[in-house]
Number of protein chains: 2
Amino acid sequence: MRQVTIYDIAKEAKVSVATVSRVLNDTAPVKGATRARIEELIQKYNFQPNAMARSLLKKETGIIGVIVPDLTNPFFPEVFAGAEQEAQQEGHTFLLSNSIGDYTKESEYLSILREKRVDGIIFMGGRINLKQCEDHLVQELVQHASVIPTVLVNGGLRNTDLIRVATDEAAGTALAVRHLIGLGHKQIGFIGGESHMTTTSIKLRAFRKTLKDEGLEIREEWLLPDSFSIESGKRQMLKMLDMKERPTAVFCVNDYTAIGAIKAVAEAGLAVPDDMSIVGFDDIPLAHHFIPELTTVSQQAHELGRMAVKVLKTMMNKEKVKKLTTLDPQLIVRQSTGAPRP
Amino acid sequence: MRQVTIYDIAKEAKVSVATVSRVLNDTAPVKGATRARIEELIQKYNFQPNAMARSLLKKETGIIGVIVPDLTNPFFPEVFAGAEQEAQQEGHTFLLSNSIGDYTKESEYLSILREKRVDGIIFMGGRINLKQCEDHLVQELVQHASVIPTVLVNGGLRNTDLIRVATDEAAGTALAVRHLIGLGHKQIGFIGGESHMTTTSIKLRAFRKTLKDEGLEIREEWLLPDSFSIESGKRQMLKMLDMKERPTAVFCVNDYTAIGAIKAVAEAGLAVPDDMSIVGFDDIPLAHHFIPELTTVSQQAHELGRMAVKVLKTMMNKEKVKKLTTLDPQLIVRQSTGAPRP
DNA sequence: GGGTTTCATGAAAGCCTTTACATATAATTC
DNA sequence: GAATTATATGTAAAGGCTTTCATGAAACCC
């Protein structure tokens, strides 16, 4: 059975479609009696205007496209929730896709978003070093961005000037590393992160810089990027524990890898933080429920999401926006870090 | 600057729009030279057909609407990922919303989905006992479902015969409780879950039944529903630890509450599982990385998502589907359960 | 009471595709 | 070579809504 249209309503109410449209959108005065008659019919048939027809005309869909690398990492749902909250008022809705770091998928999805004429795009977590990626995805993204307002969340792409909202990850990294140094650590390792991701390279660079600034030695063999999963944290910590000389503390690119690292230490019969201090990044909800509670750097995920939408909204209104909006990270000291054994 | 349309392409290629449409959709033969000319222009202008115009005509959008109660609970992203994987081939895309258990929001969102003419709806986690909810949301959902293929994931709604895909949560609960009993526990508590949610009432009922079947006493004061958060697990376990007579094991409605419960036990200076055995539900990725590793019941979240989409697809093809597709839960014994102290 | 506003409504165009039908051309048949 | 069939393309309607412009009726002014 066909869905009822504005025509059906108009016909039965013995008015023109224009009038029905007017009561639907409250866009011009309609006489009380007429309005009542129409509203009743709308009720009766449970009529809902076809958003596509409307969008076709108005050139706006009320949809924001979101691309996240991995929804399975609790950081992203948190950002998403923030975005959703901010978008709520305007009645915006989200088309969500998990790219799982697959750049073909990202690219395809970007196409779909464009076909669907979304009002804006939020793109989280950018790649950087992969050559094929640079050539392709970036170009594509930039091209799309020229048509659809786009904001990059955490992770710039080289040689582009896309609008960005980001935590100052370098500052956050420095915060964490300085915290370790402050506790007396002199031998500090780095774990996790795919090396072609922007977030990893930013953190790694900041890590090196902080160590250098503080006059500490950088041991290349203690720099162990991998991926963002718990498993990778575990794997790399295991590797580290196997070394004959090992650090007394590690910085992990995110909380998931930190948890993995802690797990590895625990399984080896060692103690966190006594034998190994571990600091994470993100402050996912679990961080302060893990045992031991995780020292970490908060990115204010929720706020990040809100801000992304806020920026997007001003772009959609064709107002001017800053190229980069930065959120300040915060060090949250809990139980997974402490002074090294003397 | 206006987006380029099929007209612009047709004009510049000196053909009719029909021909352009034909090369776009490969729906009828087009002469090589013409096709080449058109394709070149498409390339040149980076033309992308307007999905709305198309959908308006074809009456399908390629969009599946998803409503989850809380994306922040790792179980749901997992289900979502499964759904996404299954939907991939057909190029379906997801409009996602977090309802946060707010039934007004669910209801509004349902409306939006309908306006947007999504091809199908996946609704996760149903309410049950709330009176206002019954009266309203359910009615609405049923009404929508008569127009748009809808599948309920884990959680029926009373008095409806909506199509469902669900883990056999009762069986899962029994599995877990029997496991505890098998270890020698005779005093078993129940923690977590909002009592008006279907999932809670199913589990609670199965919990009672299993205890009864095994000839154990049901102590009402050890039945502590609350919510699904880590905090609620912690809170209720704290309460339990304060009782002068307390159980030796608890069943938690999900892994998040189980983690909270473990945390509470640990902070009280007691040991899991020696002083308290704890079993969770869901088997979120973290379950086997938590310390101690969590004994839990796997719902095969990923599979659940896939199945939901699979069922939805057959509904969209207007084929017949079973009213209820059940997935079998699996008990996964890890470290958080053990024999009670003698 | 004639002229000017205001209010309520209708007619029709436009948004961008797809597709049924029609037409023109080319290829095939006997 | 006339008749048939296949191939390539065009014309125009349809899909469901919003909105501009026009019109008729009612209210106001002096």
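The values are calculated or read from the model by the stated rules, or taken from the named source; none is laboratory data. Small disclaimer: the values here were computed from a predicted structure and weren't measured. Here the Cβ is made from the backbone with ideal geometry for all residues, glycine too, and neighbour counts use every protein chain on show. We work out accessible area using only protein heavy atoms, side chains counted, and drop any ligands, DNA or RNA first. Shrake-Rupley method; radii C 1.70, N 1.55, O 1.52, S 1.80 Å.
A quick yes/no check of all residues on (1) β-branched (Val, Ile, Thr); (2) open to solvent by 10 Å² or more (accessible area, probe 1.4 Å); (3) modelled with pLDDT under 95:
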{"position": "B:Met240", "(1), (2), (3)": "no, no, no"}
{"position": "B:Val250", "(1), (2), (3)": "yes, no, no"}
{"position": "B:Gly260", "(1), (2), (3)": "no, no, no"}
{"position": "B:Ala264", "(1), (2), (3)": "no, no, no"}
{"position": "B:Phe290", "(1), (2), (3)": "no, no, no"}
{"position": "B:Val311", "(1), (2), (3)": "yes, yes, no"}
{"position": "B:Met316", "(1), (2), (3)": "no, yes, yes"}
{"position": "B:Leu324", "(1), (2), (3)": "no, yes, yes"}
With (1) within 20 Å of the chain's Cα centre (by Cα); (2) open to solvent by less than 10 Å² (accessible area, probe 1.4 Å); (3) outside the structural domain of B:Met237 (by TED's automatic domain parsing) as the list, and B:Thr296 as the residue in question, which single condition is left unmet? (3)
I need the full set of residues from the stretch A:1-32 which are of a type in the set (D, E, K, R) and near DNA strand D (Cβ under 8 Å from one of its atoms), in order please. A:Arg2, A:Asp8, A:Arg22
Please work out if A:Thr167 is more than 25 Å from the chain's Cα centre (by Cα) and of a type outside the set (A, V, I, L, M, F, W, C). no
Which one is modelled with the lowest pLDDT, of the residues in the stretch A:292-306 that are within 18 Å of A:Phe251 (Cα to Cα) and away from every other protein chain (no Cβ under 11 Å)? A:Gln299
The correct count of residues that are near DNA strand D (Cβ under 10 Å from one of its atoms), more than 8 Å from chain B (Cβ to nearest Cβ) and crowded, with 23+ Cβ neighbours inside 10 Å in the stretch A:55-66 is 0
Within the stretch B:84-100, the count of residues that are over 15 Å from A:Val66 (Cα atoms) and either under 16 Å from the mean Cα position of the chain (by Cα) or of a type in the set (Asp, Glu) (or both) comes to 6
Positions within the stretch A:328-342 being open to solvent by 70 Å² or more (accessible area, probe 1.4 Å) and in a strand (DSSP E or B), in sequence order: A:Gln330
Considering every residue within the stretch A:67-83, establish whether at least one is over 14 Å from the mean Cα position of the chain (by Cα), more than 9 Å from chain B (Cβ to nearest Cβ) and under 29 Å from A:Ser229 (Cα atoms). no
So A:Gly101, is it away from chain B (no Cβ under 12 Å) and at positive phi: yes
Evaluate the stretch B:33-51: report whether one residue or more is more than 12 Å from DNA strand D (Cβ to nearest atom), open to solvent by 40 Å² or more (accessible area, probe 1.4 Å), without any contact (Cβ under 8 Å) to a residue 40 or more places away in the chain and aliphatic (A, V, I, L, M). no
Return the pairs, sorted by first residue and then second, in which the second residue is open to solvent by 40 Å² or more (accessible area, probe 1.4 Å) and within 8 Å of DNA strand C (Cβ to nearest atom), the first residue lies in the stretch B:17-31 and is closer than 21 Å to B:Val4 by Cβ and within 14 Å of another protein chain (Cβ to nearest Cβ), the beta carbons are less than 8 Å apart, and the residues are 6+ apart or on different chains. B:Leu24/B:Ile6
Identify all residues within the stretch A:18-32 that are of a type in the set (Val, Ile, Thr) and crowded, with 16+ Cβ neighbours inside 10 Å; write none if there are none. A:Thr19, A:Val20, A:Val23, A:Val30
Which residue pairs have Cβ atoms under 7 Å apart, sit 6 or more places apart or on different chains, and have a first residue in the stretch A:197-224 that is free of Cβ contacts under 8 Å to residues at least 12 places away in the same chain and a second that is open to solvent by less than 40 Å² (accessible area, probe 1.4 Å)? A:Ile218/A:Leu211
Checked the stretch A:186-238 for anything modelled with pLDDT under 95 and either in a helix (DSSP H, G or I) or assigned by TED's automatic domain parsing to the domain that holds A:Asn73 (or both); matches are A:Thr198, A:Thr199, A:Thr200, A:Ser201, A:Ile202
Quick one: A:Arg306 ticks every box in (1) open to solvent by 50 Å² or more (accessible area, probe 1.4 Å); (2) touching a Gly at 6+ places or on another chain (Cβ under 9 Å); (3) outside the structural domain of A:Met124 (by TED's automatic domain parsing) except a single one, so which number is it? (3)
Failed criterion for A:Arg208 (all others in (1) within 27 Å of A:Leu324 (Cα to Cα); (2) open to solvent by less than 20 Å² (accessible area, probe 1.4 Å) hold): (2)
Residues that are away from DNA strand C (no atom under 16 Å from the Cβ) and among the charged types (D, E, K, R): which helices (runs of 4 or more DSSP H) entirely in the stretch A:1-112 hold 1 or more of them? A:32-45, A:75-88
